[in-house]
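What follows is a short report on a single structure.
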Amino acid sequence: MQRPNLSRTLLSSAFAASLIFGSSLIQAAAVAVNIPAQSLASALNEFGKQANLQVLYNPDQVQGIKSQAVSGSLEPIKALEVLLQGSGISYQFNGNTVIINPHQGTGLELGATTISGKDLGNSLITEDSGSYTTGATASSTKLALSVRETPQTVTVITRQLMNDQAAQSIGDVLRNAPGISTQAYDSDRMEYSARGYAITNFQYDGVNTQYDGVFDEGATKVDMALYDRVDIVKGATGLLSSSGDPSATVNLIRKKPTRDFKASVSGSVGSWDDYRTEADISGPLTEDGSVRGRVVGVYQEADSYRDHYSKKNDVFYGIIEADLTPDTLFTFGMDYQKIKPRGSSWTGNPYYFSDYSKTDFSRSFNPATDWSRRDVVAKTTFASLEHRLANDWKVKGSLTQQTNDHDTQLGSASGGTPDPVTGEGMFFYWGKWEGHRVQNTADINATGPFTLFGREHELVVGATSQSSRQTGATFDGSQFGEVPGSIFDWNGHYPKPDFPKNGKYERNTNQNSAYIATRLKPTDDLSVILGSRISDFQYNDTYTYYVQSSTFSDNKTTSKQHGRVTPYAGVVYDLNDTYSTYASYASIYKPVTERSQSNTTLPPTEGNSYEMGLKGEYFDGRLNASVAVFRTEQKKLPIYAGTDAQTGRDFYQSVDGAKTKGIEFELAGELKPDWNVMAGYTYAQTKTDDGERLYGYPLETTKPENVARVFTTYRLPGALNKVTVGGGVNWQSPFYGRIWNDPKGDYDIIEQNSYALVNLMTRYEYNEHLTFNLNANNVFDKKYLSGLGNFGTVYYGEPRSLSLTTKYTF
């Protein structure tokens with residue numbers, strides 16, 4: 001009894017003082033269980049939570065079966081026998097895993113579903129599963145469906161895959177994910193794309209967040225120590241987000257507290273003096289485990305392959321779950337991340353010399369001043385209350401507040417075309433901005449089964465209200481001119497000037513929506529998913545520009561949209577026990593704030609997305625495969641059209657239409673015991689109605705049409721079973737950028753040829769507590785451009801790097 005008390009004391013201290021302690025908890029033979037009679041699926045979920053066991057089962061094989069009530073202090077096996085009494089269902093124990101078998105001992109068919117903790121929210125956990133796939137996800141429709149049951153392509157990046165790839169940030173996750181391509185604005189800003197368009201929809205536990213790809217107030221720098229997995233839903237996702245590009249929605253699922261005490265500490269060292277420490281502690285805060293908590297802390301300092309660039313990263317995450325009643329779960333948490341880079345560039349290196357021959361700067365060349373920075377502080381506070389009603393219905397309400405502060409002060413010798421001999425002729429890109437954004441989101445939804453025509457179906461209905469207020473100041477940098485001397489002698493040393501304040505801005509965005517989705521089961525083999533969201537949007541942007549404390553101009557932009565409907569439809573048909581075919585449709589809608597040359601707001605982007613394919617589930621759900629063909633049609637896409645010479649304001653025009661067509665393959669999971677794989681190939685061609693390539697802005701590039709990703713690990717057999725080896729290849733086809741050519745008075749089209757990056761890893765498990773991971777990225781040191789055409793510059797990708805991580809688990 002002293003050991004559990006000690007673990008609770010340690011965890012309570014960690015929450016109070018943010019200190020990480022270690023201990024081990026020996027599970028008692030008997031556990032306290034209190035599970036009322038209910039549907040067998042819900043009872044198994046509850047059993048997994050109370051017994052702290054992983055339960056694997058196929059939802060279809062327990063559908064419509066009721067469990068027996070069980071309570072008292074019992075051994076887990078005894079409790080499970082009572083629970084299953086009279087159901088005709090058998091089970092198997094394998095360590096801490098329980099496998100639920102079908103009726104009458106027939107062949108084993110189950111989904112790779114990991115159930116941990118009180119699974120009221122269907123937040124299935126991948127941590128400690130060792131898997132590259134998951135049994136279910138609610139990220140596509142808010143209904144908990146297996147990958148095979150979801151009528152869209154869904155990529156799940158599990159905790160195990162992140163560990164194997166040493167993924168520290170969401171950027172590390174996305175650049176290795178199937179179907180995702182990466183392009184760089186500069187040293188601190190990356191753009192991630194899928195199916196021909198930039199990814200602009202990011203969610204946290206299913207809650208939407210505002211994203212600005214140009215300013216990027218931390219969205220693509222999120223530290224992954226806080227998260228159990230990442231769900232990437234490809235294509236249009238208007239049912240979830242109501243607006244956005246038909247690329248993908250990235251949903252980050254947070255780590256949850258555990259019923260038993262667990263803790264780990266890890267340290268890593270990498271190329272360019274990259275040092276990182278991470279600690280994670282979780283467990284019960286009360287005697288019966290009805291209150292649980294978890295804290296995660298990270299500190300990182302790193303230099304870079306680019307001269308005089310460095311960064312610091314501080315991360316804290318805390319979460320508490322409390323079982324207010326056996327059917328009511330309260331969750332409260334917060335996370336904090338502070339990112340401090342120094343030597344931040346604004347765009348990249350010049351592509352042309354003054355004679356329009358190509359430059360050839362070293363990958364280590366950094367045009368930024370040594371004081372240039374993009375400091376970001378991101379904080380999130382969240383709470384939810386979830387209650388299980390009768391007949392397996394659940395209702396959940398959640399509140400989230402996200403606060404982002406940025407302090408951007410830039411000086412970068414990136415402008416112009418230098419003389420190829422003297423290196424003279426460059427000028428600075430300067431600027432200073434400060435900003436503060438507060439986003440509040442409230443959501444309430446109810447999910448559950450209902451009976452119609454003698455069959456059971458599922459329904460989710462809910463409403464979301466979201467408001468965002470962004471304020472900030474701009475500062476004058478017009479006094480700066482040419483870079484002194486030769487750019488070939490540049491070392492980042494330049495005195496930091498004063499930036500007088502010259503303006504302020506305020507942006508207010510409000511979105512209210514209601515949504516409904518149902519999964520109908522006309523037959524055992526056929527499911528039909530129908531849904532829709534109706535939304536109101538309102539956007540107000542005010543920018544005031546000052547000269548010598550008097551108002552020079554006051555620009556306002558207002559956009560309102562009411563009653564916008566984004567429908568969704570999908571159908572899945574099971575061909576047999578292994579394969580299903582599916583088709584889906586989603587509407588596209590995206591309000592835009594870009595303005596025309598006449599200073600009027602452009603109309604919203606609208607369109608349709610279609611997808612159909614085949615999915616397979618192998619080895620009892622431990623391996624998932626899919627092939628899909630897709631087509632996206634959009635109209636009224638805003639593209640950059642120029643800059644007004646008098647006001648300096650960028651203006652845009654609407655493209656009449658653009659179409660994307662493509663195909664996507666994906667394979668994820670376990671090929672055989674101890675052999676995991678994640679692989680994918682995507683072809684997506686995007687052209688305007690005139691047959692032209694579609695370029696973005698300010699990163700004036702196309703997206704690569706072909707993207708292939710593969711990563712695999714294998715645990716060696718026999719005497720070498722403490723060693724795991726693995727590796728992968730990231731390949732993409734050419735992409736193109738536009739660079740203005742003054743003598744021609746037109747754009748030049750430049751190209752980054754296709755390239756492949758090879759990554760390797762190995763892990764050595766010294767014992768059950770201590771492991772060592774060695775990762776090598778870009779093993780063959782491929783030199784390539786990851787950014788083209790951002791203000792006439794180019795940006796080199798990262799060269800070969802190594803990292804060694806040591807982790808101790810208590």
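Each reported figure results from applying straightforward, stated rules to the coordinates on display, with no laboratory input. Remember, predicted model here, so these are calculated numbers, not experimental data. Positions of Cβ are backbone-derived with ideal geometry, glycine not excepted, and every protein chain shown enters the neighbour counts.
Only residues of segment 654-672 count here: report those whose backbone N is under 12 Å from the spot 7 Å along Cα→Cβ of Tyr714, or say none. Counting only backbone N, you get 671-672.
What area, in nm² and to one decimal, does the C-alpha convex hull of segment 332-398 cast on average over all directions? It would help to have the intermediate numbers written out before the result.
Details: hull surface 36.5 nm².
Mean projected area of the Cα convex hull: 9.1 nm².
What shape does segment 216-294 have by the C-alpha gyration tensor, where a ≥ b ≥ c are the square roots of the eigenvalues, rounded means a/c under 1.5, and otherwise prolate means a/b greater than b/c and oblate the rest?
Values: a/c = 3.54, a/b = 1.32, b/c = 2.67.
Note, shape of segment 216-294 comes out oblate.
Label-to-label distance for Glu765 and Ser596 is 6.4 nm, based on points extended 7 Å past Cα in the beta-carbon direction.
Can you give the extra length, in nm with one decimal, that the chain gains between Arg631 and Leu614 once fully stretched, where that is 0.36 nm per residue apart less the Cα-Cα distance?
On the way: separation 17, 0.36 × 17 = 6.12 nm, distance 1.57 nm.
Gain in length upon complete extension: 4.5 nm.
A straight chain from Tyr573 to Lys338 at 0.36 nm per residue would run longer than the Cα-Cα distance by 79.9 nm.
Amide H contacts for Val31 (H built 1.01 Å from N in the peptide plane; partners 5 or more residues away or on another chain; cut-off under 5 Å): Leu74, Glu75.
Annotation: aspartates and glutamates with alpha-carbon distance below 13 angstrom to Lys379 (same-chain offsets under eight excluded): Glu217, Asp223, Asp314, Asp335, Asp405.
Roughly how big is the chain's charge dipole about its Cα centre, with Cβ charges of +1 (Lys, Arg) and -1 (Asp, Glu), in debye to the nearest 20?
Working: 75 positive and 89 negative charges, 185 e Å.
So the magnitude is around 880 debye.
Arrange the following residues from fewest to most other Cβ atoms within 10 Å of their Cβ: Phe475, Phe711, Phe772. Can you show the working numbers first?
Numbers: Phe475 17, Phe711 24, Phe772 13.
Listed from fewest to most nearby Cβ atoms, that is Phe772, Phe475, Phe711.
May I ask which residue of Gln160, Gly696, Asn391 lies farthest towards the positive end of the charge dipole of the chain, with charges of +1 (Lys, Arg) and -1 (Asp, Glu) on Cβ and the Cα centre as origin? The residue sitting farthest along the positive end of the dipole is Asn391.
Approximating the spin labels as points 7 Å out from Cα along Cα→Cβ, the Val269-to-Asp212 distance works out to 4.1 nm.
Quick check: net charge around Arg306, other residues with Cβ under 15 Å of its Cβ, Lys/Arg +1 and Asp/Glu -1? Working shown, then result.
Working: positive: Arg189, Lys311, Arg342, Arg363, Arg373, Arg374, Lys783, Arg800; negative: Asp186, Asp188, Asp273, Asp274, Asp303, Asp307, Asp370, Glu798.
Result for the neighbourhood of Arg306: 0.
According to the calculation over all Cα-Cα pairs in segment 680-780, the P(r) per 10 Å bin from zero is 13, 28, 22, 17, 12, 6, 2 %. Inter-label distance, Gln685 to Ala32: 6.5 nm, where each label sits 7 Å from its Cα along the C-beta direction. Only lysines eight or more places from Lys501 in sequence, or on another chain, were considered; those with a Cα closer than 16 Å are Lys432.
If I take R0 = 45 Å and measure r between the Cβ atoms of Asp525 and Tyr640 in this structure, what FRET efficiency does the formula 1/(1 + (r/R0)^6) give, to the nearest 0.05? Write down the numbers at each step before the final one.
Working: r = 49 Å, r/R0 = 1.10.
The computed FRET efficiency comes out at 0.35.
In segment 384-433, the convex hull through the Cα atoms has an average projected area of 7.4 nm², a quarter of its surface area.
The length gained on full extension between Phe772 and Ala383, counted as 0.36 nm times the residue separation minus their Cα-Cα distance, comes to 136.4 nm. Would you list, by chain and number, the aspartates and glutamates whose Cα falls below 16 Å from the Cα of Lys659, excluding same-chain residues fewer than 8 positions away? Excluding near neighbours in sequence, the set is Asp245, Glu606, Glu611, Glu633, Asp689, Asp690, Glu692, Glu705. For segment 672-707 and segment 349-410, compute the distance between their C-alpha centroids and round to whole Å. Segment 672-707 and segment 349-410 have Cα centres spaced 22 Å from each other.
Which log10 I(q)/I(0) values does segment 207-809 give at q = 0.13 Å⁻¹ under the Debye formula, counting every alpha carbon as one identical point scatterer? Once normalised to I(0) and log-transformed, intensities are -2.00. For the pair Arg800 and Asp407, a Förster radius of 25 Å applied to the C-beta separation gives a FRET efficiency near 0.15, rounded to the nearest 0.05.
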